[in-house]
Every structure is written in C-alpha cells, then in structure tokens.
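The values are calculated or read from the model by the stated rules, or taken from the named source; none is laboratory data. Computed from a predicted model, the values in this text were never measured in an experiment. When we count neighbours, we look across all protein chains shown, and the Cβ atoms used for this are built from the backbone with ideal geometry, even at glycine.
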Amino acid sequence: MLLQALAFYVFAAVTVASGAMVVVSRNPVYSVLFLILAFFNAAALFVLIGAEFIAMILVIVYVGAVAVLFLFVVMMLDINLVELREGFLKYLPVGAMIGVVLFAEILLGLGVLGAGSATMTALNKQGAQVLAIDNTRAIGRVLYTQYFYLFQVAGIVLLVAMIGAIVLTLRTRPGVRRQKVGDQINRTKEEAMTVVKVPTRGGV
Amino acid sequence: MSADLIQFFTVNWLGQLIVIVAQCLAVTVPLLVSVAYMTYVDRKVWASIQLRRGPNVVGPFGLLQPFADGLKLVLKETIVPSSANAVLFIIAPMIAFMTALVAWAVVPFDDGWVIADINVGILYLFAISSLGVYGIIIAGWASNSKYAFLGALRSAAQMVSYEVSIGFVLITVLLCVGSLNLSDVVMAQSGGFWHWFFLPLLPMFVIFFVSALAETNRTPFDLPMSEAELVAGFHTEYSAMTFGLFFLGEYANMILLSALGAVLFLGGWMSPIPYAPFTYVPGVVWFALKIAFLLFVFSWTKGTLPRYRYDQLMRLGWKVFLPVSLGWVVLTAAVLQFGGWVPKS
C-alpha cells in the first residue's frame with residue numbers, strides 16, 4: 001500500500017509538473033514532448049486505480065497517434081520565439097479562465113461542492129456491480145448496449161469533423177499526373193509495344 | 001529451508017525485486033543475443049540471394065562478426081553535431097531501443113512463461129509499438145539536418161498509417177479469441193496447425209506481415225532511411241553507439257513483431273502437430289522456430305523487393321489495407337455472430 005501511495009504521488013507530481021511545463025516552455029516542440037509525458041503519467045495513474053483498458057487506450061490514441069501528429073505539425077512550423085512570447089500575457093486571462101471553469105466542473109461533478117454527487121454515487125454503485133469482471137469486459141458490455149446511441153453519435157461527430165477537414169483542404173490542381181494502377185495493370189502486350197524489324201545498318 | 005526461500009521470493013519485497021530483475025534478464029539477454037545474430041543471419045540470407053558468401057572471416061563461418069561490429073560501434077566516437085539539440089539527440093536512440101525492449105514484458109514464451117500476464121496484453125503491445133515512432137521523429141528533429149528531418153517525417157507518417165491496419169488486424173484476432181490476454185490468444189489456437197488463426201484469417205495475416213514491414217521501416221518500406229535520397233534518413237547524423245542503439249532497436253522491433261505474428265496467427269508456443277513426438281519438444285522451441293521463420297521472411301523480402309515510392313506507400317496503407325481490414329473485421333464479426341461461434345467471455 002505504501003508503495004502504491006508513493007507511486008501515485010510520483011506519477012501525480014510528474015503529471016502536474018509536465019502540465020505546467022507544457023504552458024511555460026518556450027519551444028513548442030518541448031511543449032508537445034511535455035504533453036506526451038503528461039499523457040503517459042496520466043495513463044500510469046489510470047493503471048494505479050485499476051482502469052488498465054482506459055490507460056492503454058490513452059497511450060494508443062493520444063500518445064501514439066494524436067501527439068505524433070501534433071509533433072509533426074509543430075516541428076514543421078517556422079518558429080519565431082520572440083513573437084510567441086508576446087502573445088503570452090494577452091492570452092493568459094482567457095487560458096486561466098478556461099482552467100478555472102474546467103476545475104470547477106470537476107469539483108461539481110465529484111460532488112465536492114454538494115451538487116452532482118447523486119450521479120457519482122449511482123455510477124459507483126454500477127461500478128461495484130461489474131467489479132467482478134475486468135474493466136475491458138465491463139466497458140464492452142455497456143458501451144454497445146446501454147450507451148449504443150451515444151456511442152454512435154460520438155462516431156458521427158468525428159465523421160463530420162473529418163469530412164469538414166477534408167472539404168477545407170481538398171483542392172484540385174490541374175496538370176497533375178497521377179498513377180492509375182488499374183490502367184497500368186490492364187495494359188496488354190498488343191497496345192503497349194510494337195515489334196519493329198530494324199534492317200541492319202539502316203537504323204529505325 | 002525451502003519454505004523459507006519460497007516465502008522470501010514471494011512475500012518479501014526484496015525477494016520479489018530479485019525475481020523480477022532475474023526475469024527481465026532472462027528475457028533481455030537472449031533477446032540481445034538474438035538481435036546480434038539476426039544481423040548475421042540477415043547478411044547471410046542476402047548474401048545467398050545475391051550468390052555471395054556474406055560475413056565469413058571473423059570466427060568460424062563468420063559467427064563472431066556481430067560481436068566485432070558491436071565492439072567497433074562501442075569504441076568509436078559519439079559525435080553530437082554543434083547545432084543539434086544535444087539532450088534530445090542523445091535521448092532519441094534510447095527511446096527507440098527502450099520501446100523495443102519493454103514490449104517483451106507481455107510476450108508469452110511458453111505456457112505460463114511470461115513476465116507480466118496482464119489482461120490487456122494486446123493493447124499494451126499495440127501501445128508500446130506505437131511509441132517507437134518517437135525515437136525516430138525526435139532524432140530527426142534534434143539532428144537539425146534536412147535529411148534527418150525528412151526521414152523522420154516520412155517515418156512518422158508511415159508508422160501512423162500502418163498502425164491503423166495493424167489495429168484492425170488485432171481486433172479481428174481478438175474477436176475470434178474473446179480476450180485481450182496473449183496467453184488466451186495462444187490457448188484459443190490449441191490443437192494442431194489447422195486450428196491456428198493464419199488459415200481462417202489468411203488475408204489479415206498477409207496485411208499484418210506487410211504492415212509489420214512498414215512499421216519496422218524494412219524494405220520495401222524503408223523510405224525513412226532510403227540512402228539514395230536521404231543519405232541515411234533519420235540517423236544520418238548519428239555515430240558510434242547512438243547509431244548502434246537505433247540499429248539494435250530496429251532489429252529488436254523486427255523480432256518483436258515476428259513474435260507477435262507467431263502469437264496471433266501461428267499458435268505461439270503450440271506444437272504444429274499435437275501428437276506424441278512433437279509435443280515432447282518444449283513450447284519455447286516451437287515459439288523460437290516460428291519467430292525464426294517469420295524473420296527469415298523479413299530478410300527474404302529485403303533481398304528480393306525494390307523500394308516503394310512514397311505515394312504508393314500511402315496509397316497501399318490508406319486505400320487498400322484500411323478498407324480491406326475494416327471490411328474483414330465486419331465480416332469476421334458477422335460470421336462469428338451468425339455462425340454461432342462467438343467465444344464465451
């Protein structure tokens with residue numbers, strides 16, 4: 001138990017510290033790398049409370065895919081550090097406000113301020129019922145049955161976002177030669193080559 | 001006395017620590033030796049394909065060649081380019097090597113021979129293998145060189161693309177198993193090679209293998225280090241042991257993906273014919289043989305195929321593998337559901 005508590009404090013401290021470094025770092029690439037560290041430690045915290053499925057999905061989706069794309073984009077930016085510093089104070093109030101709102105929402109949701117505790121206790125009750133099976137099965141049982149429509153709606157939202165991104169970036173450029181694999185495969189000997197009898201010393 | 005010992009190794013934290021370290025060494029040391037000899041086997045296989053002899057000078061049949069190469073890498077000077085980001089430049093090869101090693105924690109070598117028999121073994125492997133890209137992309141950026149950076153970008157795009165189809169392959173297999181535990185995956189294939197998943201899921205096995213080639217940056221998908229355009233891609237600026245770690249990590253990753261292929265499709269430690277003389281052979285030997293077979297196919301492909309063009313690579317990943325694997329997931333689910341073969345969970 002002591003070891004577990006120690007692990008929790010280590011992971012939590014690293015998560016918070018790297019979260020702060022994401023905001024404070026001068027170089028955006030460092031910010032993304034610290035963000036990855038924060039994701040990783042959050043995953044470790046999930047493992048500590050026994051939610052190994054969520055932990056693995058966090059690593060696969062956020063660290064393995066989303067953060068790679070972040071890094072991909074940020075590394076290609078032409079970074080001007082001075083300009084970046086100028087915006088810091090301007091955006092500080094907005095950022096702080098969003099942070100406060102999110103934190104207040106968590107507090108409300110957890111029932112610390114007296115409200116919303118009913119949902120949490122209900123969820124805890126449900127959690128206690130399914131505790132006998134591992135949490136991958138537990139999620140699987142409710143996700144595709146009880147929360148089927150919400151799951152589908154989430155999928156549709158993502159689909160719409162994806163189509164939106166494609167529409168925004170799609171442009172047809174004239175004069176681009178594309179490889180048509182079907183045409184290449186469908187070529188026959190008759191249409192692709194001609195046999196020429198070249199007379200000796202005559203040339204073609 | 002022995003009861004005391006058992007008590008010490010199972011209850012006492014120091015004893016448990018010793019057991020864990022011993023287990024890690026028992027996996028890592030043979031793995032590193034296999035990595036060393038994989039470089040040798042690789043070169044011998046290409047040599048045979050090209051009608052050459054391959055390494056044959058250092059030791060009998062050139063068997064000491066990997067150690068000579070390793071020693072050479074250790075003794076050389078580690079050069080950090082003056083405009084490189086020194087910290088990230090040094091960390092990157094460590095990440096590449098480490099991610100290739102930690103994944104072995106969940107691989108079952110035999111019945112019960114696994115360091116961490118966790119319930120989400122497949123997801124863990126998938127998560128760790130998707131981290132390998134960081135070593136490469138950080139190396140490319142920290143080198144502060146265009147060749148390295150272009151190699152890193154290619155690699156990142158390629159690995160992210162092919163991970164998608166590997167993910168669907170994993171989903172198909174675990175639909176057939178009904179568990180995310182790798183030992184359960186092997187147990188579900190017990191009873192001879194006609195029960196292994198490579199037969200009913202043959203298209204997925206092919207997709208898995210090709211994606212594994214792309215995931216490990218091997219020919220025909222070695223665009224991140226295509227020497228004709230990018231010198232050596234992401235490790236252009238690396239020398240000595242920092243390069244050595246990338247090299248070892250690449251081979252360790254190859255062995256890892258072969259092991260994953262063996263577990264998912266070739267029945268892991270199971271004997272191909274479940275009758276008397278074959279079942280006397282220990283499971284770990286069968287497992288090693290299956291890995292060796294897949295590794296041979298890796299070398300064979302490298303010796304045979306030319307390199308893909310970049311747009312062809314992306315086309316194959318997104319327009320061929322993604323729809324096919326997605327369709328196969330749906331088909332498998334439908335067959336399991338309507339054929340009444342849904343595994344009990």
(request) Assess whether B:Leu245 counts as being within 30 Å of B:Leu88 (Cβ to Cβ), assigned to a helix (DSSP H, G or I) and in contact with an Asp or Glu (Cβ under 9 Å, 6 or more places away or on another chain). (result) no
(request) Scan the stretch B:137-154 residue by residue and report those that are surrounded by 22 or more Cβ atoms within 10 Å (Cβ to Cβ) and facing another protein chain (nearest Cβ under 10 Å). (result) B:Ile137, B:Ile138, B:Gly140, B:Trp141, B:Ala142, B:Phe149, B:Ala152
(message) Take the conditions under 30 Å from A:Ala20 (Cα atoms) and either at pLDDT 90 or above or of a type in the set (A, V, I, L, M) (or both) and apply them to A:Ala104. Does it pass?
(response) yes
(request) Go through the stretch A:22-52 residue by residue and tally those that are within 14 Å of another protein chain (Cβ to nearest Cβ), more than 28 Å from B:Ile122 (Cβ to Cβ) and modelled with pLDDT under 90. (result) 7
(request) Would you mind stating whether B:Tyr162 is more than 11 Å from every other protein chain (Cβ to nearest Cβ), in a helix (DSSP H, G or I) and farther than 30 Å from A:Ile133 by Cα? (result) yes
(message) Please go through the stretch B:40-69 and give me each residue that is within 22 Å of B:Thr219 (Cβ to Cβ), in a helix (DSSP H, G or I) and aliphatic (A, V, I, L, M), ordered by number.
(response) B:Val41, B:Val45, B:Ala47, B:Ile49
(request) Would you be able to say whether some residue in the stretch B:119-137 is in contact with a helix residue (DSSP H, G or I) (Cβ under 6 Å, 6 or more places away or on another chain) and not in a helix (DSSP H, G or I)? (result) yes
(request) Could you please let me know if A:Ala17 is closer than 24 Å to A:Phe88 by Cα and at pLDDT 90 or above? (result) yes
(request) Answer yes or no: is there a residue in the stretch B:272-286 that is touching a residue at least 24 places away in the same chain (Cβ under 8 Å) and part of a helix (DSSP H, G or I). (result) yes
(request) Provide a single number: the residues in the stretch B:106-128 that are within 14 Å of chain A (Cβ to nearest Cβ), of a type in the set (Phe, Trp, Tyr) and touching a residue at least 60 places away in the same chain (Cβ under 8 Å). (result) 0
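Conditions (1) touching a helix residue (DSSP H, G or I) at 6+ places or on another chain (Cβ under 8 Å); (2) more than 30 Å from B:Asn85 (Cα to Cα); (3) surrounded by fewer than 22 Cβ atoms within 10 Å (Cβ to Cβ), marked per residue:
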| residue | (1), (2), (3) |
| --- | --- |
| B:Trp194 | no, yes, yes |
| B:Phe197 | yes, yes, yes |
| B:Thr219 | yes, no, yes |
| B:Thr236 | yes, no, no |
| B:Ser258 | yes, yes, no |
| B:Val263 | yes, yes, no |
| B:Pro272 | yes, yes, yes |
| B:Tyr280 | no, yes, yes |
(request) Can you confirm whether the stretch A:42-61 contains a residue that is without any contact (Cβ under 8 Å) to a residue 24 or more places away in the chain, under 15 Å from the mean Cα position of the chain (by Cα), surrounded by fewer than 18 Cβ atoms within 10 Å (Cβ to Cβ) and in a helix (DSSP H, G or I)? (result) yes
